[in-house]
Amino acid sequence: MSQTFYTPEEVASLLKLSKYTIYEMIKRNEIKASRVGRRLRIDQKDLDTYLHQGEQKAVISHSVLEPIVFIGSHDPVMANFIEGLKPKITIFPSYVGSLEGLMALYYEKSDIAGCHLFDSETETYNIPYIKRLFPGEQLFTFTFMERTIGWGYKKDSGVDPSDWSLLKNHLSLANRQRGSGTRVVLDYYLRKHGINPNLVKGYKDECSTHDETASQVHLGKRDLGLLTEDTAKKWDLSFYPLKKEPYQWVMREEFVESAACQRLDDVFKDPLFMEDIQRLRVNPFSLDSIQKIRG
């Protein structure tokens with residue numbers, strides 16, 4: 001006995017709804033769907049069941065959209081941005097580092113991964129990691145902002161951040177956790193300057209956010225830490241710049257085609273909202289500005 005399966009786009013056409021609405025219905029389990037590889041398919045029987053229940057809706061209210069799940073690198077600007085979106089859109093953030101963010105996206109536990117993973121071989125960010133983790137898949141990236149990363153240290157402390165040799169059994173370090181983009185950059189510089197991490201005081205002690213790193217330095221528990229320029233200013237620390245880097249969102253096709261992502265696009269078109277976040281110096285999100293990446 002043959003079965004008929006539809007793509008979400010085909011169901012959207014049949015019901016005269018947008019594909020974004022269908023994806024949200026699937027996400028809320030209003031319409032059952034099965035995964036075939038990385039694609040969603042809807043059984044004719046499950047579609048008939050839904051129609052017979054009389055639950056068809058042409059429009060999903062923005063107020064009932066499920067929250068967007070963000071997992072990835074911590075950045076104070078990103079945290080302020082998420083707070084500023086309320087009550088227009090709710091984003092649930094989890095700051096676990098860039099690599100863990102990509103892994104969460106791989107296992108489909110998040111909608112957006114926040115990344116700034118430096119690849120020393122190509123001297124580029126994020127794309128080499130995406131290609132290794134998602135071979136053959138199509139993903140999307142959006143450069144949320146450009147930021148400067150460098151040493152943060154107490155003013156009038158006498159610390160010379162340009163002398164890397166001082167990290168050998170002299171200066172103490174407030175370090176980030178393994179898998180964070182900042183830790184990747186630090187390890188790159190340690191290799192470049194021929195410094196054995198085992199000789200760096202505090203290397204094995206891990207901070208999970210830029211603010212935690214800055215607080216260790218601010219309180220005098222550590223001499224310096226690698227963090228963003230904005231974090232250094234926030235904690236009234238001196239700052240020695242090392243590298244400019246892109247902080248990017250990485251997204252799957254299913255999210256880019258969802259009603260939640262469409263709503264995010266709509267919010268950025270609101271002039272009043274753009275005025276509110278102008279001070280954050282972030283790039284305006286747009287479905288037209290995201291880039292396709294083939295793994």
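The values are calculated or read from the model by the stated rules, or taken from the named source; none is laboratory data. Remember, predicted model here, so these are calculated numbers, not experimental data. Glycine gets a Cβ as well: all are built from the backbone with ideal geometry, and neighbour counts include every protein chain shown. When the accessible area is computed, the model is the full protein with side chains, heavy atoms only, and any ligands, DNA or RNA have been set aside. Shrake-Rupley method; radii C 1.70, N 1.55, O 1.52, S 1.80 Å.
Using modelled backbone amide H atoms (1.01 Å from N, in-plane), which distant-in-sequence or interchain residues come within less than 5 Å of residue 137's amide H?
Under 5 Å from the amide H of residue 137: 295.
How would you classify the range 4-51 from its alpha-carbon gyration tensor, with a ≥ b ≥ c the square roots of the eigenvalues: rounded for a/c under 1.5, else prolate if a/b is greater than b/c, otherwise oblate?
Numbers: a/c = 1.27, a/b = 1.13, b/c = 1.13.
Note, shape of the range 4-51 comes out rounded.
Under the rule of -39500 (n - 2.57) per DSSP H run of 4 or more residues, summed and divided by the residues of the chain, what mean residue ellipticity at 222 nm is obtained, to the nearest 500 deg cm²/dmol? Before the final figure, lay out each step's value.
Working: 12 runs with 100 residues, N = 295.
The helix contribution divided over the chain gives -9500 deg cm²/dmol.
If R₀ is 30 angstrom, what is the calculated FRET efficiency for the pair residue 108 and residue 146, using the beta carbon separation as r and rounding to 0.05?
Details: r = 29 Å, r/R0 = 0.96.
According to the calculation, E is roughly 0.55.
Just the accessible area per residue of the range 214-295, please: how many Å² with a 1.4 Å probe?
Values: 4040 Å² over 82 residues.
With all protein chains present, the range 214-295 gives 49 Å² per residue.
How big is the antiparallel share of DSSP beta bridges in the chain, given as a percent to the nearest 5? Walk me through the numbers before you get to the answer.
Numbers: 34 of 47 bridges.
Close to 70 percent.
Calculate what fraction, in whole %, of the accessible area of the range 53-209 sits on carbon and sulfur atoms when a 1.4 Å probe is rolled over the protein chains.
Numbers: 3560 of 7230 Å².
Using a 1.4 Å probe with all protein chains present, the range 53-209 comes out at 49 percent carbon and sulfur.
If you average the alpha carbon positions of the range 204-275 and of the range 86-142, how far apart do those two centres end up, in angstrom?
Here the answer is 14 Å between Cα centres.
Rounded to the nearest 0.05, what FRET efficiency do residue 162 and residue 83 have when you use their Cβ-Cβ distance and R0 = 35 Å?
On the way: r = 36 Å, r/R0 = 1.02.
The pair residue 162/residue 83 has a calculated efficiency of 0.45.
So if each residue of separation counts as 0.36 nm, and I subtract the Cα-Cα distance between residue 131 and residue 38, what length gain in nm does that give? Mind dumping the intermediate values first?
Working: separation 93, 0.36 × 93 = 33.48 nm, distance 1.60 nm.
Extending this stretch completely gives an extra 31.9 nm.
Given springs between every Cα pair under 10 Å in a Gaussian network model of the chain, which of 38, 28, 263 has the largest fluctuation?
Greatest mean-square fluctuation among the candidates belongs to 38.
Expressed as a fraction of 2.2 N^0.38 Å, the rule-of-thumb size for a compact globular protein of N residues, what is the C-alpha radius of gyration of the chain?
Numbers: Rg = 22.5 Å, N = 295, 2.2 N^0.38 = 19.1 Å.
Output field value: 1.18.
Kirkwood Rh, the range 160-233, all Cα pairs: how many Å?
Working: mean 1/r = 0.0816 Å⁻¹.
Its Kirkwood hydrodynamic radius stands at 12.3 Å.
Quick one: how many lysine pairs in the range 101-244 have C-alpha atoms under 15 angstrom apart, if they're 8 or more apart or on different chains?
12
Can you tell me, using C-alpha contacts under 8 Å and at least 6 residues apart, the relative contact order of the chain as a whole percent? Don't skip to the answer; put the middle values down first.
Working: 531 pairs, mean separation 69.5, N = 295.
Relative contact order, the chain: 24 percent.
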